[in-house]
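Data block below; observations after.
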Amino acid sequence: MGMAGLGKMGLSHLAIVRAHPEVQLVAACDKTAYLTDVLGKYTGLKCHDDYDRMLAEEALDAVVIATPSRMHAAMVEKALDKGLHVFCEKPFVLDVRDGERLVALAEAKGRVTQVGYHCRFVGAFQEAARIVASGALGVVHHVRAEAYGPVVLRPKGGTWRAAKEEGGGALYDYACHAIDLVNFIAGAPASVSGVVRHSVFSRDVEDEVYCSLHYANGASGQLCVNWSDESFRKMSTKVTVWGSNGRVTVDRQECQVYLREPHPGLPDTGAGWTVRYTTELTDEVWYYLRGEEYSAQIDHFVRNVQAGRRDGQSSFRSALEADRVVAMILAEGQTAPGVRAAVAEASGERTGLLSRLFGRGE
């Protein structure tokens, strides 16, 4: 296997891949010289500063692509053209047309593909998907997906996540996880409306996204995302599904289900509340880094490559469904820049008040 991109997620994947008992990581690629120099010196890993050169010179079966979002499509295409299996970080692509072309290319080449939607490998979310698929909730009529966290808490810039042209912003970096979970647990919506994209602190991208979801069968949904919420210590994602016979609410920690009446699709669940915790729902992994799900998704990719299975979790085709919803949100809503100005004004007023109270000019 080869590795492209050695940022936060790239280094995480590198550690997991190197620890996998059935994978040999033979090369990595990044343009940041101090990173590749340190890796080469202390780990012996062969490092390249050019992706094309790595693909040309190394004998690879597969590649992990963990570069900024705008680079995904071109790099995935080159890997597929070389006949490689591809694991690509989320979001899959920024243009649905690129995604459609790459899905067709991967299928024509018979390659195994996967996108890094790690939440699908959290036991609690898998349990929620099982509950909905069982039919125990009855007719599903509403879905709500939420994702909050403390990513951007002050005016800042300088990274690709803060640049619109790079595929940054809360929509691509946070909301896509919630959208993929909606697709995984309840199915993909047919349309969206009432889109609100606010810039709270960022200059070029949105920090919060809200919209309504609409299903072909008449069911409705809501998406609520804010990565400028410091009341959360880290990213927190939750999905709730309401049906005519009950409700399921799930986050990374637990899966809560309420049934009005027992259902044969869930013979292990009675009427009323049942709570299952992720500790009892999650399988152990051979190597832990950040969460079992990160190792589990890499192992899933490896097993699929070994078995030649192309319909596993988070394939390019399923990830493209999340990209379609993102495209609908972009087409429907415009970023509202006024919030950032209001925040800045409020901050100035607060500073002025403190100066008057304490007699300080700082």
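Derivation of every value follows stated rules applied to the coordinates shown; laboratory data play no part. This one's a predicted model, so the numbers in the text were calculated from it and none came from an experiment. Neighbour counts are summed over all protein chains in view; Cβ atoms, including those assigned to glycine, are modelled from backbone coordinates with ideal geometry.
Just a few scattered comments:
- Restricting attention to region 2-111, lysine pairs at least eight places apart or on different chains and with alpha-carbon atoms under 17 angstrom apart total 6.
- The overall shape of region 1-129 is oblate: from the C-alpha gyration tensor, with semi-axes ordered a ≥ b ≥ c, the ratio a/c is 1.5 or greater and a/b is no larger than b/c.
- Relative exposure of ASP299, ASP61, judged by other C-beta atoms within 10 Å (fewest first): ASP61, ASP299
- Once you reduce region 144-216 and region 1-60 to the center of their Cα atoms, the two points are 30 Å from each other.
- Computed lengthening from GLU77 to ALA59, 0.36 nm per intervening residue step minus Cα-Cα distance: 4.7 nm
- Remark: the Cα gyration tensor places region 201-260 in the oblate category, a/c being 1.5 or greater and a/b not exceeding b/c.
- Sequence of VAL64, VAL196, VAL17 once ranked by neighbouring C-beta atoms within 10 Å, starting from the fewest: VAL196, VAL17, VAL64
- Simple Cβ-charge dipole of region 2-111, Lys/Arg +1 and Asp/Glu -1, about Cα centre, in debye nearest 20: 200
- Shape category assigned to the chain from the gyration tensor of Cα positions, a/c cut at 1.5: oblate
- Charge dipole (region 2-111, unit charges on Cβ, about Cα centre) - positive-most of LEU39, ALA59, GLY99: LEU39
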